[in-house]
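Engineer: Have a look at this one.
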């Protein structure tokens, strides 16, 4: 159901829905009309609020657990709240400073930065945080350096235009002189400059045609034969998690079967990609995405919501996200994900 198709709500119904969701987020308990009037000092009777709650239930925004006189939000209720009723949160100065320090960690080591970011995001949210590292194969080749580790082992340091780098160890049959290593590096850097890494992996033989004249050592041939390993990483995505212990403390996951669904999520890379990177229609890469319950179309995580955003480092993109109960504090989680993604976008690298 698109936002425009939602049943029309009166101002009072919007107010009641907003207060019910805010209270349910805090308490995890169904919200009754009497407590709503008392807690929010509403200048109407409990009967008036109850009538609004009945109308919201009829329209599909609230549900009525059989064992309680109170109401709880439905997926549609949460969606309407996120789209129309929610007030965006601001992070504290201390939290902003903690996020700022992530950029410094990125400048030194991307893996270290990503791991630190996942742990910090989990700690600030008390939810499961997931950070997907950028896919370097989509990056544009800048340069490579060849370092001799032993007589038959070489370290390839490959840098893309954003400054990100990857390292690959390769084996050679015999020792190669420093001069031949430098000549091979110069030839490869000249021929491959400005090419996308994934294109290099597929078409390196064409890009390096006539290589024999520059390949006295046979090293260029090694690059051609090992192109998939050196330049392509389509089967490798680095996922970093934080906060599995926090998610276990949420009332919704006190049931072992519900918690097991989160554990299975962590172990399923395809599921992570689906949850974090599957774009919502009409949402740009730079926007925070919120997917709620049944919107995932995956039964085992229908009790979860996901808040995610993409980040860009030059020509490569990664994703950060939070996974938690539908009863999450959406204004705060959206602010955390958005602010962290902004820090990632500003990261600089010196390799």
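Engineer: How many residues are in contact (Cβ under 8 Å) with a residue 12 or more places away in the chain and surrounded by fewer than 19 Cβ atoms within 10 Å (Cβ to Cβ) if we restrict to the stretch 49-62?
Structural biologist: Qualifying residue count for the region: 5.
Engineer: Also, quick follow-up: For residues in the stretch 222-260 being exposed (fewer than 13 other Cβ atoms within 10 Å of the Cβ) and under 19 Å from residue 118 (Cβ atoms), which is modelled with the lowest pLDDT?
Structural biologist: Filtering the stretch 222-260 for residues that are exposed (fewer than 13 other Cβ atoms within 10 Å of the Cβ) and under 19 Å from residue 118 (Cβ atoms), the one modelled with the lowest pLDDT comes out as 236.
For (1) crowded, with 16+ Cβ neighbours inside 10 Å; (2) out of contact with any strand residue (DSSP E or B) (no Cβ under 6 Å at 6 or more places or on another chain), each residue gets a yes or a no:
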| site | (1), (2) |
| --- | --- |
| 145 | yes, no |
| 156 | yes, no |
| 186 | no, yes |
| 208 | yes, yes |
| 220 | yes, yes |
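Engineer: Tally time: how many residues in the stretch 122-143 are in a strand (DSSP E or B) and either surrounded by fewer than 20 Cβ atoms within 10 Å (Cβ to Cβ) or modelled with pLDDT of 95 or more (or both)?
Structural biologist: Keep residues of the stretch 122-143 that are in a strand (DSSP E or B), which gives 128-132, 140-143.
Within this subset, residues satisfying the condition of being either surrounded by fewer than 20 Cβ atoms within 10 Å (Cβ to Cβ) or modelled with pLDDT of 95 or more (or both) are 140, 142-143.
The number of residues fulfilling the criteria is 3.
Engineer: Take the stretch 164-174 and flag every residue that is touching a strand residue (DSSP E or B) at 6+ places or on another chain (Cβ under 8 Å) and farther than 20 Å from residue 213 by Cβ. Don't jump to the end; show me each part of the working.
Structural biologist: First, pick out the residues of the stretch 164-174 that are touching a strand residue (DSSP E or B) at 6+ places or on another chain (Cβ under 8 Å): 164-172.
Passing the criteria: 164, 165, 166, 167, 168, 169, 170, 171.
Engineer: Follow-up question, since we're still on this one. If you take the residues in the stretch 144-164 that are within 28 Å of residue 341 (Cβ to Cβ) and part of a strand (DSSP E or B), which one is farthest from the chain's Cα centre (by Cα)?
Structural biologist: 157
Engineer: Moving on to the next point. Considering only the stretch 296-349, how many residues are closer than 18 Å to residue 82 by Cβ, modelled with pLDDT under 90 and touching a helix residue (DSSP H, G or I) at 6+ places or on another chain (Cβ under 6 Å)?
Structural biologist: Number satisfying all stated conditions: 3.
Engineer: Hey, another quick one. Suppose we keep only residues that are modelled with pLDDT of 90 or more and in contact with a helix residue (DSSP H, G or I) (Cβ under 7 Å, 6 or more places away or on another chain) within the stretch 159-179. Which one would you say is surrounded by the most Cβ atoms within 10 Å (Cβ to Cβ)?
Structural biologist: 176
Engineer: Output the number of the condition that residue 119 fails; it satisfies all remaining conditions of (1) buried (at least 22 other Cβ atoms within 10 Å of the Cβ); (2) touching a strand residue (DSSP E or B) at 6+ places or on another chain (Cβ under 7 Å); (3) closer than 30 Å to residue 245 by Cα.
Structural biologist: (1)
Engineer: May I pose another question? Does residue 16 satisfy the condition of being assigned to a helix (DSSP H, G or I), over 32 Å from the mean Cα position of the chain (by Cα) and either modelled with pLDDT of 95 or more or at positive phi (or both)?
Structural biologist: Working: assigned to a helix (DSSP H, G or I): yes; over 32 Å from the mean Cα position of the chain (by Cα): yes; either modelled with pLDDT of 95 or more or at positive phi (or both): yes.
Yes, satisfied.
Engineer: For the stretch 56-75, which residues satisfy the criterion of being in contact with a strand residue (DSSP E or B) (Cβ under 9 Å, 6 or more places away or on another chain) and assigned to a helix (DSSP H, G or I)?
Structural biologist: Passing the criteria: 56, 57, 75.
Engineer: Moving to a separate point now. Tell me the residue from 244, 201, 205, 248 that is more than 18 Å from the chain's Cα centre (by Cα) and under 30 Å from residue 303 (Cβ atoms), please. Don't jump to the end; show me each part of the working.
Structural biologist: Details: 244 fails: more than 18 Å from the chain's Cα centre (by Cα); 201 fails: under 30 Å from residue 303 (Cβ atoms); 205 fails: under 30 Å from residue 303 (Cβ atoms).
It is 248.
Engineer: Can you give me the number of residues within the stretch 177-210 that are without any contact (Cβ under 8 Å) to a residue 24 or more places away in the chain and not in a helix (DSSP H, G or I)?
Structural biologist: Within the stretch 177-210, residues that are without any contact (Cβ under 8 Å) to a residue 24 or more places away in the chain and not in a helix (DSSP H, G or I) number 3.
Engineer: Say we look at the stretch 165-176 and pick out the residues that are assigned to a strand (DSSP E or B) and without any contact (Cβ under 8 Å) to a residue 40 or more places away in the chain; which of these is farthest from residue 316 (Cα to Cα)?
Structural biologist: Residues of the stretch 165-176 that are assigned to a strand (DSSP E or B), as a first pass: 165-171.
Now narrow it down to the ones that are without any contact (Cβ under 8 Å) to a residue 40 or more places away in the chain: 167, 169, 171.
Details: 167: 17, 169: 23, 171: 28 Å.
Step by step, filter the stretch 165-176, then rank; the result is 171.
The values are calculated or read from the model by the stated rules, or taken from the named source; none is laboratory data. In this text the structure is predicted, and so the values were computed from the model without any measurement. Virtual Cβ from ideal backbone geometry, glycine too; neighbours counted across all protein chains shown.
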